[in-house]
Amino acid sequence: MGDDVEQICRRAREGDMAAASELVTRFYQRIFAFLYRLSGNNEDAQDLTQKTFAKVWASLGSFSGRSSCSTWVHGIGYHVYVDWRRKRNELEARSEEWWETCVDEGPGPFQNAVERELAGQLYALVEQLEPGSREAVHLHYYQGLSLQETAEVLGIATSTVKYRLREAVTGLKAKAAEPKNG
């Protein structure tokens with residue numbers, strides 16, 4: 001994304017409606033995918049994405065540029081999700097069928113059935129992590145945000161993000177190595 005997005009964001013902040021529309025176009029799918037993984041279903045993800053962009057629109061004039069536009073938009077999306085989750089007070093387990101819908105549609109590393117099954121198992125294990133670690137994993141690994149961007153979105157220190165990711169990876173390795181009952 002880079003400088004091009006930052007210029008679009010600057011123009012949108014200055015009131016350029018075409019740039020604001022372009023900003024939504026550039027980020028809509030990424031934010032929707034992020035919120036879909038967190039919320040667990042299409043309808044909630046659509047609602048949360050709409051709320052996110054309504055807040056982006058309303059806050060555009062106050063965006064100071066202290067972080068990248070991507071970090072700022074993801075931060076708004078994350079806070080919309082946290083508010084929604086608090087109101088619903090839900091942290092339900094995800095079904096295997098749900099995880100199958102999270103696999104990337106395009107060509108990717110999970111080309112055969114065995115790899116897809118392993119990915120589903122990994123996603124399910126990620127959902128068992130503590131909320132802070134799970135959110136760090138979603139932002140850093142699934143959304144591709146840097147450690148600094150992840151820290152900004154979550155409102156924590158970069159060292160805390162590193163710690164949470166290290167703990168998550170260690171915990172995931174241990175869980176994956178456990179013998180399966182059955």
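The values are calculated or read from the model by the stated rules, or taken from the named source; none is laboratory data. Computed from a prediction, not measured in an experiment: that's the story for all the values here. All Cβ positions, glycine included, derive from the backbone under ideal geometry; neighbour counts span all protein chains shown.
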*From Gln148, Gln128, residue being modelled with pLDDT under 90, polar (S, T, N, Q) and either within 25 Å of Arg26 (Cβ to Cβ) or surrounded by fewer than 19 Cβ atoms within 10 Å (Cβ to Cβ) (or both)*: Gln128
*Out of the range 20-38, which residues are more than 17 Å from the chain's Cα centre (by Cα) and touching a residue at least 12 places away in the same chain (Cβ under 8 Å)?*
Ala20, Glu22, Leu23
*Please enumerate the residues belonging to the range 151-182 that are surrounded by 13 or more Cβ atoms within 10 Å (Cβ to Cβ) and either farther than 24 Å from Cys69 by Cα or not hydrophobic (A, V, I, L, M, F, W, C) (or both).*
Glu152, Thr158, Thr160, Lys162, Tyr163, Arg164, Glu167, Ala168, Val169, Gly171, Leu172, Lys175
*Given the structure, is Lys55 under 23 Å from Ala151 (Cβ atoms), among the basic types (Lys, Arg), at pLDDT 90 or above and part of a helix (DSSP H, G or I)?*
yes
*Residue list for the range 42-78, filter: polar (S, T, N, Q) and touching a residue at least 24 places away in the same chain (Cβ under 8 Å)*: Thr49, Thr52, Ser67, Ser68, Ser70, Thr71
*Among the residues of the range 27-40, is there at least one that is of a type in the set (Ser, Thr, Tyr), under 24 Å from Pro131 (Cβ atoms), out of contact with any Asp or Glu (no Cβ under 7 Å at 6 or more places or on another chain) and at pLDDT below 85?*
no
*So which residues in the range 1-35 are of a type in the set (Asp, Glu), within 16 Å of Gly65 (Cβ to Cβ) and assigned to a helix (DSSP H, G or I), if there are any at all?*
Asp3, Asp4, Glu6
